[in-house]
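Here the structure comes first, spelled out in structure tokens, and everything after it is commentary.
The values are calculated or read from the model by the stated rules, or taken from the named source; none is laboratory data. Everything quoted here is computed from the prediction, not taken from an experiment. Quick reminder, even Gly has a Cβ in these numbers, built from the backbone with ideal geometry, and neighbours come from all protein chains shown.
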């Protein structure tokens with residue numbers, strides 16, 4: 001959805017009369033901004049530059065067919081969520097409809113264009129476009145919150161580590177007869193080790209589950225015996241974090257993280273040559 005509630009619609013057809021007939025119907029709606037193209041190749045170029053809210057694409061065109069252009073658009077991160085309606089007066093069998101949908105199109109309209117049908121299908125496709133936009137905005141927000149949670153965990157660990165170092169220095173300088181003070185400091189260190197991180201992790205995990213719905217379910221479906229630490233590691237790998245970054249977060253050494261990744265890879269049933277990062281990224 002564009003500025004001031006406007007929607008941009010790209011009409012693609014090698015027949016100028018078809019373009020005009022579709023335009024004459026759609027321009028009755030003041031919220032529609034119309035873009036046009038005469039072939040699949042230029043349609044892709046316009047889509048990459050303008051990212052319209054909807055594309056109405058003729059099936060049979062020179063340079064690139066509507067199906068070929070749709071496949072290209074769906075392979076591009078910037079245009080993959082733009083709804084495409086395929087239009088045709090020839091490819092009207094059910095098998096053709098199936099091919100259009102499998103290429104990434106969301107709908108199919110027959111020529112000659114019927115005004116009521118066109119208006120209805122365009123309205124439905126734009127609702128889908130709006131839904132994609134909401135999902136994208138929500139995902140950006142969730143990703144931002146996840147990053148914030150990770151930063152908070154890291155800052156907490158850094159503070160915790162610094163406090164423990166200072167306490168150890170003080171304890172080493174305290175006379176041995178101050179047993180009560182020594183015990184109090186030791187208990188405080190244990191508390192820092194046992195509680196601080198877990199509280200923040202629960203908060204992080206809830207945000208992660210919102211951002212990547214179904215991820216934990218897919219992991220547990222592979223093996224129900226995953227521990228909490230292994231699930232955390234899967235989450236960090238999903239976020240494309242390095243061993244060093246993970247080590248900082250969970251207060252361990254990068255070598256330990258690497259060992260844990262090897263165990264996790266084996267548990268997931270992966271071969272030595274398989275990529276753990278790629279496997280988890282695709283879940």
Counting only residues that are surrounded by 14 or more Cβ atoms within 10 Å (Cβ to Cβ) and at pLDDT 80 or above, which one in region 205-221 is farthest from the chain's Cα centre (by Cα)? 219
Do we find a residue being surrounded by fewer than 18 Cβ atoms within 10 Å (Cβ to Cβ) and either farther than 18 Å from residue 104 by Cβ or modelled with pLDDT under 95 (or both) anywhere in region 50-57? yes
Evaluate the following for residue 233: is it in a loop (DSSP other than H, G, I, E, B) and touching a helix residue (DSSP H, G or I) at 6+ places or on another chain (Cβ under 6 Å)? no
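Each row is one residue, and each column tells you yes or no for (1) surrounded by fewer than 14 Cβ atoms within 10 Å (Cβ to Cβ); (2) in a loop (DSSP other than H, G, I, E, B); (3) touching a residue at least 24 places away in the same chain (Cβ under 8 Å).
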| residue | (1), (2), (3) |
| --- | --- |
| 22 | no, no, yes |
| 30 | yes, yes, no |
| 63 | no, yes, yes |
| 71 | no, no, yes |
| 82 | no, yes, yes |
| 85 | no, no, yes |
| 117 | yes, no, no |
Would you check if there is a residue in region 33-41 being touching a residue at least 60 places away in the same chain (Cβ under 8 Å) and assigned by TED's automatic domain parsing to the domain that holds residue 72? no
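Here is a yes/no grid of residues against (1) out of contact with any helix residue (DSSP H, G or I) (no Cβ under 6 Å at 6 or more places or on another chain); (2) within 18 Å of residue 204 (Cα to Cα); (3) modelled with pLDDT of 85 or more:
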{"position": "227", "(1), (2), (3)": "yes, yes, yes"}
{"position": "239", "(1), (2), (3)": "yes, yes, no"}
{"position": "278", "(1), (2), (3)": "yes, no, yes"}
{"position": "283", "(1), (2), (3)": "no, no, no"}
In region 258-276, anything under 16 Å from residue 226 (Cα atoms) and in contact with a helix residue (DSSP H, G or I) (Cβ under 9 Å, 6 or more places away or on another chain) is listed as 260, 261, 262, 263, 264, 265, 267, 268, 269, 270, 276
Sole residue being surrounded by 15 or more Cβ atoms within 10 Å (Cβ to Cβ), assigned to a helix (DSSP H, G or I) and at pLDDT below 85, chosen from 247, 202: 247
